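Structure, as structure tokens:
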Amino acid sequence: MAVAEKTVAPEPIESAADHVHRNVSSLGESATLAIHERSATLVREGRHVYRIGFGQSPFPVPERVVEALRRHAPRKEYLPVRGLEELRAAVAEHHRQLDGIDASADGVMIGPGSKELIFLLQLIFRGQVLIPSPSWVSYAPQARILGRRPVHVPTTFEDGWKVDPERLTSACAGGAGPWLLILNYPNNPVGNTYSPAELADLAEAARRHRILILADEIYGRLHFAGGHASMARFYPEGTIVSSGLSKWCGAGGWRLGTFVFPRQLAALHEVMGAVASETFTAASAPIQLAAVEAFRGGDDLDRYLAGCRRILGALGRRSAQVLRAAGVRVHEPEGGFYIFPDFSPFAERLAARGITGSPTLCERLLADTGVATLPGLPFGRPTDELTARLCYVDFDGARALEEIARVPGNGDPGNDFLERCCGDVLRAMERVVDWLG
Ligand SMILES: Cc1ncc(COP(=O)(O)O)c(C=O)c1O
């Protein structure tokens, strides 16, 4: 008699979710993208949303760069993995001229956005990663995807949310290294920057503890006073400078990022190239060719940038002033397009409304007023801290650039200009103030 074969029920295909790696199983969608989508849903429902949650440049890509992209659209070949030679030379020259650093084409790496390059660097780096708190939302999740536990370097409102040599040193005290510090300025989310003296002090501490620095200077050209100082001037042997087209050229969706390695870190660059060759292969050919035009610069691009800085500087300062006048703790920004208010002076009043942390703060603010912001939590702040990131970019950048060209001088364009061109951002700040009660 045939013995019935024992059958094991095959695993249902739906359980594929069980096979997700534990490093990523609890990873949600990036917080910035989630708020963008939630705001879009409210708009579809007919609500007016003040979009100060998602950090995207409001300005158009400069016309000459767009024209270059049109011209190069037929280019379809794979480019060299570290980037088109012509572009690498233009990027190096751009940094030599504007930052006074010793950049060479050989040390440049081009990628599909600096975010991808930062991820690859975290992937190939053997030691521990130091991430200031607060800092940009993606550094820490990238570390966690890779199974790393980043070490946070604390900062405080009172110290302008800045990393200083003492805090850096004590963050390293508990570990063996080697270390990689990700230092971003002008900063997302707080809008601050570092003076040459502060950078020199940090460089000294980094040298002492053999800390490599990834200087995320993607907002460098958006320093309002045009005075960005690159970390690589103070710590040339240990700094990798990160930048790209996304912020100063308004081309986030084009996906083009740049790293500049010093000669001393050529080995890291080489490994990045090897990993890139097995992953993204190369950034898109037409985009790289158009980027050559952007990095070579010219009078039109200088005028464009001067206009962007003038508008953002005035609007950022005004936004902070409106909040401060109402009693919110916030620093005036020095570059980029963010402020990071701390609503703790309203803690009691907010607690009476059931708001005791940044996620509920931002959810309720969006639901009650239509003002979309991001909570301090994904920037590495404690859940019960009443901080939020506001990006003052909800205006028509093309129109604002056209109008600023007609406002004489190069100083603050004044209230009339801000009301006319950036009224929604000012209304958003007023709504926040009214809502606080
Ligand atoms: C501080 C910071 N670094 C890096 C990036 C990534 O830029 P991209 O990947 O577009 O070059 C962003 C984008 O928001 C940012 O704010």
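A short reminder: the numbers here are calculations on the coordinates, not readings from a lab. Just so we're clear, the structure is a prediction, and the values are computed from it rather than from any experiment. FYI the Cβ positions are ideal-geometry reconstructions off the backbone, even for glycines, and counts take in every protein chain you see.
Provide, in order from the shortest bin, the percent of all Cα-Cα pairs of segment 63-297 in each 5 Å bin, continuing until the bin that contains the maximum pair distance.
Final binned percentages: 1, 7, 15, 20, 20, 17, 11, 6, 3, 1, 0.
Using +1 on the beta carbon of Lys and Arg, -1 on that of Asp and Glu, and nothing else charged, what's the dipole of the chain about the Cα centre, debye to 20? Intermediate results must be reported in sequence, preceding the final value.
Details: 47 positive and 51 negative charges, 33 e Å.
Here the size comes out at about 160 debye.
So, with +1 on the Cβ of K and R and -1 on the Cβ of D and E, and no other charges, what is the size of the charge dipole of segment 145-185 about its Cα centre, to the nearest 20 debye? Display every interim value, and only then the final one.
Details: 4 positive and 4 negative charges, 57 e Å.
Once rounded to the nearest 20, the dipole reads 280 debye.
Determine the dipole magnitude for segment 63-297: charges of +1 sit on the beta-carbon of Lys and Arg, -1 on that of Asp and Glu, nothing else is charged, the reference point is the Cα centre, and the result goes in debye to the nearest 20.
500 debye
Starting from the Cα gyration tensor of segment 145-222, take the square roots of the eigenvalues, sort them a ≥ b ≥ c, and report rounded, prolate or oblate (rounded when a/c is under 1.5, otherwise prolate if a/b is larger than b/c, else oblate). Show your work: numbers first, answer last.
Working: a/c = 1.56, a/b = 1.33, b/c = 1.17.
Because a/c hits 1.5 or more and a/b exceeds b/c, segment 145-222 counts as prolate.
For Cα pairs less than 8 Å apart in space and 6+ apart in sequence, what is the mean separation divided by the residue count of the chain, i.e. the relative contact order in percent?
Numbers: 808 pairs, mean separation 95.1, N = 437.
Reported as a whole number, the value is 22 percent.
With contacts defined as alpha carbon pairs under 8 Å and 6 or more residues apart, what's the relative contact order of segment 63-297 in percent?
Details: 434 pairs, mean separation 73.5, N = 235.
The normalised contact order for segment 63-297 reaches 31 percent.
Which Cα, out of Ile145, Ser195, Ser135, lies furthest along the positive dipole direction of segment 120-201 (beta carbon charges, K/R +1, D/E -1)?
Value: Ile145.
Figure the gain on full extension for Glu403 and Ala352 (residue separation times 0.36 nm, minus the Cα-Cα span) and round it to one decimal in nm. Kindly include the intermediate steps, with their values, before the conclusion.
Numbers: separation 51, 0.36 × 51 = 18.36 nm, distance 4.44 nm.
Full-extension gain reported as 13.9 nm.
Have a look at His269, His209, His152 and tell me which one the Gaussian network model of the chain (Cα, springs below 10 Å) gives the largest fluctuation.
Among His269, His209, His152, the largest mean-square fluctuation in the Gaussian network model of the chain belongs to His209.
Counting pairs of alpha carbon atoms under 8 Å apart in space and at least six apart in sequence, what relative contact order in percent does segment 192-300 give?
Values: 112 pairs, mean separation 21.4, N = 109.
Relative contact order of segment 192-300: 20 percent.
Give the shape of the chain as rounded, prolate or oblate, defined through the alpha-carbon gyration tensor: a ≥ b ≥ c are the square roots of its eigenvalues, a/c under 1.5 means rounded, and otherwise the shape is prolate if a/b is larger than b/c and oblate if not. Kindly include the intermediate steps, with their values, before the conclusion.
Details: a/c = 1.34, a/b = 1.08, b/c = 1.24.
Cα axes put the chain in the rounded bin.
If each of Arg208 and Arg149 carries a label point 7 Å out from its Cα toward its Cβ, how far apart are those two points in nm?
Result: 2.6 nm between the two label points.
In nanometres, what is the gap between the two model label sites at Asp416 and Asp368, each 7 Å from Cα along Cα-to-Cβ?
Spacing of the two 7 Å Cα→Cβ label points: 3.6 nm.
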